[in-house]
Amino acid sequence: MHQSENSNDWKWQVANRIATREQLEKQIVLTEEERSAFDGDIPLSFAVTPHYASLLNNEALRRTVIPTAHEHKHGTGELADPLGEEDHRATPHLIHTYPDKVLFLATPFCSTYCRYCTRSRLVGKSPANFQALEESFQYIETHAEIRDVLLSGGDPLTMTDPVLDEILSRLRNIPHVRMVRIGSKVPIVLPMRITDELCSILRKHRVWLSLHFIHAAELSTQTQAACRKLSDHGIGMVSQTVLLKGINDDTQTLTELFYGLLEINVKPYYLLQCDPVRGSAHFRTTVEKGIELIRSLHGNISGLAVPQYVIDAPGGGGKVPILGHDQIRREGGDVVFRNYEGKEYRYPDPA
Ligand SMILES: *Cc1c(COP(=O)(O)O)cnc(C)c1O
Ligand code: SF4
């Protein structure tokens, strides 16, 4: 596609999102299988920014955003709402699962939709309504046990500067709120959104970013520059990576991504077992594989590059760190455990 001189403007990128097969085919050549996936109803929302589309010569990235026929299959145990979020909905925009933290679904909009999204039942489905957030602010104000607010959606960084500033000011004016984070894929799919003005707003409100990276191919020049800019403004950043079959489920791919993240001051935080969301069977690895992968990283690469492998408990039990069944056992006065090479070691630990 001919890149317009405005393509460095995030609003241009959003206005010129690729949302149909015809638009997509102007930028990339689709396989027959990909073409046919667009016939009839697509169960999940579809959109890709021109920036992210420019990275789709990479086969792994391609599979995460281009629909396939597999989305229509409903596998065993799959649910539209795998984490039982609807049972923990405290207000129309708040999910209150854990004691001291809330998930604030500020907007259903994303500039690019991931095919494995846990919230595919919501994203891209209805327009954002900022006025309706009042009830949620009041809920947080009147629940003194809430210390941590995670703004998510959808992608909150697709909202405009004034709206974000207002939401963040409101949250920061609540004395018991100690931590405000934003979950976002914007630095990856819409890196031009990371302007100095946005950085100033995030810095003013001391926001942490929880970014959603899945592959080193996402570390484009623009994305690296966006993260370096955020870091230069003092914004703390972590990454949540969803483990995806055939996309990032090998040691080399994950190592490349995690070191790439450290180089732009992003700490790998979670490696998430893919949630059993409806139509996700083709994306999900076995848990055994996840355990094997995370073990292959511990000790072999920088400890800072290793995230925690977690399963988000279906039904709403929260994120649970998984280490493997034979990690540790007791033998008399010793605890016996394995190191990264699989060798056994003992720690004297009288019962
Ligand atoms: C992931 C998540 C959080 C944040 O959990 P952390 O482990 O603190 O990162 C909060 N609420 C909900 C519902 C979540 O799914
Ligand atoms: S960026 Fe996040 S919320 Fe948006 S579609 Fe992807 S996984 Fe879902």
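With the requirement that a residue be touching a Ser or Thr at 6+ places or on another chain (Cβ under 6 Å) and touching a residue at least 60 places away in the same chain (Cβ under 8 Å), what does region 275-317 give you?
First, pick out the residues of region 275-317 that are touching a Ser or Thr at 6+ places or on another chain (Cβ under 6 Å): 275, 277, 296, 301, 316.
Listed by number, the residues that qualify are 275, 277, 316.
Let me confirm something: among 181, 170, which residue is out of contact with any Cys (no Cβ under 7 Å at 6 or more places or on another chain), within 16 Å of ligand 2 (Cβ to nearest atom) and of a type in the set (D, E, K, R)?
181
Given the residues 239, 220, which is the only one that is modelled with pLDDT of 95 or more, more than 15 Å from ligand 2 (Cβ to nearest atom), out of contact with any Asp or Glu (no Cβ under 8 Å at 6 or more places or on another chain) and not basic (Lys, Arg)? Spell out how you get there, then give the answer.
On the way: 239 fails: more than 15 Å from ligand 2 (Cβ to nearest atom).
Of the residues listed, the single one that is modelled with pLDDT of 95 or more, more than 15 Å from ligand 2 (Cβ to nearest atom), out of contact with any Asp or Glu (no Cβ under 8 Å at 6 or more places or on another chain) and not basic (Lys, Arg) is 220.
Against the definition (closer than 24 Å to residue 225 by Cβ, small (Gly, Ala, Ser) and free of Cβ contacts under 8 Å to residues at least 40 places away in the same chain), how does residue 184 come out, yes or no?
So residue 184 fits the description; yes.
Out of the residues in region 190-244 meeting the condition of being under 27 Å from residue 15 (Cβ atoms) and of a type in the set (Val, Ile, Thr), tell me which one is most open to solvent (accessible area, probe 1.4 Å).
Only one residue tops the list, namely 221.
Pairs please, first residue from region 262-273 and on the phi > 0 side of the Ramachandran plot, second anywhere and surrounded by fewer than 19 Cβ atoms within 10 Å (Cβ to Cβ), Cβ atoms under 8 Å, 6+ apart in sequence or on different chains.
If the second residue must be surrounded by fewer than 19 Cβ atoms within 10 Å (Cβ to Cβ), the pairs left are 265/228; 265/231.
Do the conditions hold for residue 146, that is, is it in contact (Cβ under 8 Å) with a residue 60 or more places away in the chain and farther than 22 Å from residue 213 by Cα?
On the way: in contact (Cβ under 8 Å) with a residue 60 or more places away in the chain: no; farther than 22 Å from residue 213 by Cα: yes.
So residue 146 fails the test.
Just checking: which of the helices (runs of 4 or more DSSP H) contained wholly in region 185-289 hold 1 or more residues that are more than 21 Å from residue 52 (Cα to Cα)?
196-204, 221-232, 251-262
Sort through 332, 290 and tell me the only one that's farther than 21 Å from residue 238 by Cα, more than 16 Å from ligand 1 (Cβ to nearest atom) and of a type in the set (Gly, Ala, Ser). Step through it out loud before you land on a result.
On the way: 290 fails: farther than 21 Å from residue 238 by Cα.
Unique residue meeting the criteria: 332.
Just one of (1) over 17 Å from the mean Cα position of the chain (by Cα); (2) open to solvent by 10 Å² or more (accessible area, probe 1.4 Å); (3) more than 16 Å from ligand 2 (Cβ to nearest atom) trips up residue 278, so point out which.
(3)
Surrounded by 12 or more Cβ atoms within 10 Å (Cβ to Cβ) and of a type in the set (S, T, N, Q): is that true of residue 300 in this structure?
yes
Suppose we filter region 245-255 for residues that are in contact (Cβ under 8 Å) with a residue 24 or more places away in the chain and open to solvent by 10 Å² or more (accessible area, probe 1.4 Å); how many remain?
Number satisfying all stated conditions: 7.
Report every pair of residues separated by at least 6 positions or lying on different chains whose Cβ atoms are under 6 Å apart, first residue within region 75-86 and in contact (Cβ under 8 Å) with a residue 60 or more places away in the chain, second of a type in the set (A, V, I, L, M).
75/281; 82/277; 85/95
For region 318-331, does any single residue satisfy the condition of being in a loop (DSSP other than H, G, I, E, B), in contact with a Gly (Cβ under 7 Å, 6 or more places away or on another chain), in contact (Cβ under 8 Å) with a residue 24 or more places away in the chain and open to solvent by 60 Å² or more (accessible area, probe 1.4 Å)?
Within region 318-331 (the criterion being in a loop (DSSP other than H, G, I, E, B), in contact with a Gly (Cβ under 7 Å, 6 or more places away or on another chain), in contact (Cβ under 8 Å) with a residue 24 or more places away in the chain and open to solvent by 60 Å² or more (accessible area, probe 1.4 Å)), the answer is no, since none of the residues qualifies.
Looking only at region 178-189, count every residue that is within 16 Å of ligand 1 (Cβ to nearest atom), of a type in the set (A, V, I, L, M) and either touching a helix residue (DSSP H, G or I) at 6+ places or on another chain (Cβ under 7 Å) or open to solvent by less than 30 Å² (accessible area, probe 1.4 Å) (or both) and tell me the total.
2
The values are calculated or read from the model by the stated rules, or taken from the named source; none is laboratory data. Every value quoted in this text rests on a predicted model; they were computed, and no experiment measured them. Here Cβ is always computed from backbone atoms with ideal geometry, including for glycine, and neighbour counts include all displayed protein chains. Please note that ligands, DNA and RNA were not included when accessible areas were found on the heavy atoms of the full protein model with its side chains. Shrake-Rupley method; radii C 1.70, N 1.55, O 1.52, S 1.80 Å.
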